[in-house]
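Everything on this sheet refers to the single structure shown next.
The values are calculated or read from the model by the stated rules, or taken from the named source; none is laboratory data. Keep in mind it's a predicted model, so treat the numbers as computed, not measured. We place every Cβ from the backbone using ideal geometry, glycine too, and count neighbours over all the protein chains shown. Only protein heavy atoms, including side chains, enter the accessible area calculation; ligands, DNA and RNA are left aside. Shrake-Rupley method; radii C 1.70, N 1.55, O 1.52, S 1.80 Å.
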Amino acid sequence: QVQLVESGGGLVQPGGSLRLSCAASGSLFSISTMGWYRQAPGKQRESVATITRGSSTNYADSVKGRFTISRDNAKNMLYLQMNSLKPEDTAVYYCNQHLPGVDYWGQGTQVTVSS
């Protein structure tokens, strides 16, 4: 059974930085595509960044150049380094583990960017 636990969210001022972490259980982490998604109030969940088993990355246009996704397969950990944060980055951020035919989700961590 896969469990994903996010941490690292919080309140930060515009221009600040946060690092999100996702701890994954199970033995399939290293062969999974992993991703970060976010959902702001009144909006649909959207993809922020994904990283394949081969560490190829993809980013939403809105975060390119500011966010960096990375993974540590030895520790079953996924990270999202967020720099130059903007108020529009405010959302609940979710960790996702994708395998053919199935997706697993964490419970989410709140990121609030406000002065």
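Laid out as a table, the results:
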| item | result |
| --- | --- |
| Whole-percent carbon and sulfur share, accessible surface of the stretch 52-115, 1.4 Å | 46 percent |
| Neighbour net charge for Ser17 - beta-carbon separation under 13 angstrom, K R +1, D E -1 | +2 |
| Dipole magnitude of the chain about its Cα centre (Cβ charges: Lys, Arg +1; Asp, Glu -1), debye to nearest 20 | 120 debye |
| Efficiency of FRET between Ser27 and Glu88 - r from beta-carbon atoms, R0 25 angstrom, step 0.05 | 0.10 |
| Listed residues Leu20, Leu80, Leu11, most fluctuating in the chain (Gaussian network, C-alpha, under 10 Å) | Leu11 |
| Per residue convex hull volume, Cα atoms of the chain, in Å³ | 95 Å³ |
| Extension gain, Arg19 back to Lys75 (0.36 nm per residue minus Cα-Cα distance, nm) | 18.5 nm |
| Separation between Cα centres of the stretch 1-45 and the stretch 74-105, rounded to whole Å | 3 Å |
| Distance (nanometres) between label positions extended 7 Å along Cα→Cβ at Lys64 and Val5 | 3.6 nm |
| Surface per residue (accessible, 1.4 Å probe) for the chain, Å² | 52 Å² |
| Rounded percent of accessible protein surface that carbon and sulfur make up, the stretch 1-49, 1.4 Å probe | 48 percent |
| With DNA, RNA and ligands ignored, accessible area of Ile31 (1.4 Å probe; Å², nearest 10) | 80 Å² |
